[in-house]
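Notes follow once the structure below has been shown.
The values are calculated or read from the model by the stated rules, or taken from the named source; none is laboratory data. What you see is a predicted model, and the numbers here were worked out from it, not measured in a lab. A quick note on method: Cβ atoms are made from the backbone with ideal geometry, for glycine too, and the neighbour counts reach across all protein chains shown.
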Amino acid sequence: MKLAHVLPYLVADLESALAHLGRGDLTRQLQEATLARWVYDDFADTTYLYLTPHSFDLMQTERLSLYDEVGVNLDCDQGGRLLGVEVLDGKRVTPELEKAAQQ
């Protein structure tokens, strides 16, 4: 399922913040990103959205913090491909994710 279909408001907020930072390369990827899986950490109240079915080493990624803008961190590989999205205050997106998983 496409991330933009499951969480359209989040993608729109991310696109706006990324455009403001001059990272249009990532805005295009957000529209095409497929949500492979997601996990919610109740202790940290974060939801991590995996955009690739493959595991990856977080030590080999670039983390772009959009905390102040939308409360999100984006992880990219060294080639600039979007790998995942960490949503801080993760409870705000879990209802839509659970609903999409049931469909």
Conditions: (1) in contact with a Leu (Cβ under 9 Å, 6 or more places away or on another chain); (2) at pLDDT 95 or above. T94 meets all but one. Number of the miss?
-> (1)
Residues in the range 15-62 that are at pLDDT 90 or above, among the aromatic types (F, W, Y) and surrounded by 12 or more Cβ atoms within 10 Å (Cβ to Cβ): how many?
-> 4
Can you work out which of the residues in the range 82-99 that are touching a strand residue (DSSP E or B) at 6+ places or on another chain (Cβ under 6 Å) and in a helix (DSSP H, G or I) is farthest from D42 (Cα to Cα)?
-> L97
Can you pull out the residues in the range 57-103 that are within 14 Å of L3 (Cα to Cα) and charged (D, E, K, R)?
-> E86, E96, E98, K99
Strands (runs of 3 or more DSSP E) wholly in the range 1-76 with at least 1 residues that are closer than 14 Å to G90 by Cβ and over 11 Å from the mean Cα position of the chain (by Cα) - which ones?
-> 37-41, 46-50
Residues satisfying the stated conditions in the range 86-103, i.e. without any contact (Cβ under 8 Å) to a residue 24 or more places away in the chain and not acidic (D, E) = R92, P95, K99, A101, Q102, Q103
The one condition D77 fails out of (1) loosely packed, with under 11 Cβ neighbours inside 10 Å; (2) free of Cβ contacts under 8 Å to residues at least 24 places away in the same chain is (1)
